[in-house]
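Notes follow once the structure below has been shown.
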Amino acid sequence: MNNPIFAFSAIRRMRSARTPLLVTLYSLLLATLAYFTVYGRFMDATVTLGDMRLSVDGYAYMVMLQFGMLVLVAPAMTAGSISGERERQTLDLLLVTDTGTGRLVLGKLLESFGFLALLVMCSLPMLSLVLITGGATFGQVMVSVAFLLLTALAALSVGLLCSSLFQRTVTATVMSYLSVFALGIVTLLPLWYDVKRIGDLYDAMNIVGQPLHMIEYTPLSFTLNPGLGLFSLLAAQTQMFSGTLWQFSYSLANTYAYLPFDHFLYCNMAFLGAASVLLTALAALNLHVRKPKAPKGSKRA
Amino acid sequence: MLVLDGLTRYYGSFLALDHLSLTIHDGELHGFVGPNGAGKTTTMRILATLLKPTEGTATLDGVDVAGRPREIRRLMGYMPDFFGVYDRLKSWEYLDFYARCYGFGPKERRRMTDSLLELVNLSDKRDSYVDVLSRGMKQRLCLARALIHDPRLLILDEPASGMDPRARAEMKGILRTLKDMGKTVLISSHILPELSEMCDSLTIIDHGRLVFSGSVEELGRHMSGNAPIQVRLAAGAEAGAVEAAVMLIRQYPGVTGVGREEGNVLTVDFDGGEDATADLLRQLAAGAPLVDFHRPPLNLEKVFMEVTQGE
């Protein structure tokens, strides 16, 4: 790739002793999970149908574990990428080169993404165990990987924008996590209608002939929630959560009635991709030098 | 040619740069002097395309610095007053990285990295990690980085600050080489004597305003024209002869005061030109036991204090 920032950051990351250690720990964690849920079960001579189901569950747990780890790790990875250059007093040296702010932020994003993609790729042998025992197809495993990578990319771009906006890495890191969790919570706000519906149910019991208040629309914000994207992925591929979700929330059930799990997942993935592009562009735009305004009352030449 | 025309910059309501205008010719080593907070770094950051002026323009060979920053970045190399280096990176890799940022291919990068390390006397540190180099070495490496794309104009913000005398001497040597290579260099410092030794021309600014701009000789003439002349008469001269000399000087047109110090030394405040000074010397030599007659060399520290004091 002809992006000097990417190549340079990748060399420095790979030289760090922490990198191989992290890859090893990540793989070991998933391998342990895979052993207890899939492989260990099939060491016995007899394999029951329940064991088969367990291997599918093991696959789902691995996807969930990776989702959780990526969401937790990614914002911090890029939150220091630009503010760190600022703190190290190397940002100006980069900005006066021919690189341009677009290539600068893209290089930073892709380098962190490359490392997370490496972690996800390392998990492929463990995820692929489900192909031996049955329960998910190769295509479905690839969709899971694509979803995980898009989640990582979106979380990284949140960190990148915060790093561009805030001078200090500590502030950028805190703001990145707050933004990621705010997205998770705000997009779930239509669940409030479920609480209202419970109230309506009580009213209906008390007042005879009162029509029950119904929500007859799909809240758009649900499709923007990566957590619901994960549930849809697992529900579509392994039927895990599919029943629970219907019972848990009327508005969610309503959403999934209009938008099947796999379609919901693709909407979610499209949102993650679009958000990544938008946030990265904003991060680059913020680094552009702007003309200051003269204060009011200042003399003009 | 670098032309600054009415360059003004506010930070909020604080006026950091107040209609600064000056011209720097090609191939000049131009010193930019001023006390801390005078606006040197603001000017340099505007020229380095890192800040935009509130008003006014700066042009390099007719190219507007604020309007066409990408073009300017190819013509200009910038070394900031404070800069950091990356850890886990060797000296040659550091230069190689910045060369890549300018889009140079592997062969060119290798060639220019080696020649620049040689220019800044760091060839023996080629494979050393950047973060373990001394401050002076880091500064020279940063200078090499600023030269990586062979810029016509070099903007060096306090390149010798914090260096020991030996490192300063090395930096001066490198700057002379750059001047011989035909580069235009704008170099800032808050120490006037440091710059006057090596620069062709100087600009002094204070509180964001231009105080003086011209050649070092012009500054010398400008300031030393007012410096008192020291006259020493023979130690064994009779009191009458000394009195006669004092009278002679006092009566000379243009002499505004004569002071007497120990050892028959007189200080003469005289604002006449060079011809008048020569005539005064002739008359004194004819009628007094004259041993020495000279204007003391310009005390640049004092000049700097005087020039920036009234602003």
key: Answer residue from region B:255-275, given it is within 33 Å of the chain's Cα centre (by Cα) and not in a strand (DSSP E or B) and is surrounded by the most Cβ atoms within 10 Å (Cβ to Cβ) among those   = B:Gly272
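Taking A:Thr97, is it at pLDDT 90 or above, surrounded by fewer than 19 Cβ atoms within 10 Å (Cβ to Cβ) and of a type in the set (S, T, N, Q)?
no
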inquiry  = Take residues that are among the basic types (Lys, Arg), surrounded by fewer than 22 Cβ atoms within 10 Å (Cβ to Cβ) and more than 14 Å from chain A (Cβ to nearest Cβ) and tell me which of the helices (runs of 4 or more DSSP H) falling wholly in region B:77-187 contain 3 or more.
reply    = B:106-119, B:165-180
query = Quick one: is A:Ala270 outside any loop (DSSP other than H, G, I, E, B), modelled with pLDDT of 90 or more and surrounded by fewer than 18 Cβ atoms within 10 Å (Cβ to Cβ)?
reply = yes
message = The conditions are (1) under 15 Å from the mean Cα position of the chain (by Cα); (2) at the interface with chain A (Cβ under 8 Å from one of its Cβ atoms), and B:Thr54 fails exactly one of them. Which is it?
response = (1)
remark   = With criteria (1) over 13 Å from the mean Cα position of the chain (by Cα); (2) under 28 Å from A:Val120 (Cβ atoms), A:Leu95 comes up short on (2)
ask   = If A:Val158 passes every condition in (1) farther than 25 Å from A:Leu287 by Cβ; (2) part of a helix (DSSP H, G or I); (3) hydrophobic (A, V, I, L, M, F, W, C) but one, which one does it miss?
value = (1)
query = Does region A:1-18 hold any residues that are surrounded by fewer than 19 Cβ atoms within 10 Å (Cβ to Cβ), within 9 Å of chain B (Cβ to nearest Cβ) and closer than 16 Å to A:Thr99 by Cβ, and which are they?
reply = A:Asn2, A:Ala7
message = When the residues of region B:1-40 are narrowed to those that are within 11 Å of chain A (Cβ to nearest Cβ) and polar (S, T, N, Q), which ends up nearest to B:Lys302 (Cα to Cα)?
response = B:Ser21
task = State which residue is nearest to the other protein chains (Cβ to nearest Cβ) when the search covers only region A:78-111 and only residues that are farther than 18 Å from A:Met175 by Cα and of a type in the set (Gly, Ala, Ser).
result = A:Gly100
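For (1) farther than 28 Å from A:Met69 by Cα; (2) in contact with a His (Cβ under 6 Å, 6 or more places away or on another chain); (3) surrounded by fewer than 19 Cβ atoms within 10 Å (Cβ to Cβ); (4) at pLDDT 75 or above, each residue gets a yes or a no:
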position	(1), (2), (3), (4)
A:Ala204	yes, no, yes, no
A:Gly209	yes, no, yes, no
A:Ser221	no, no, yes, yes
A:Leu230	no, no, no, yes
A:Leu234	no, no, no, yes
A:Trp246	no, no, yes, no
A:Asp262	no, no, yes, yes
A:Leu265	no, no, no, yes
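The values are calculated or read from the model by the stated rules, or taken from the named source; none is laboratory data. Quantities reported herein were computed from a predicted structural model and do not represent experimental measurements. Reconstructed Cβ throughout: ideal geometry from the backbone, glycine too, with neighbour counts over all protein chains shown.
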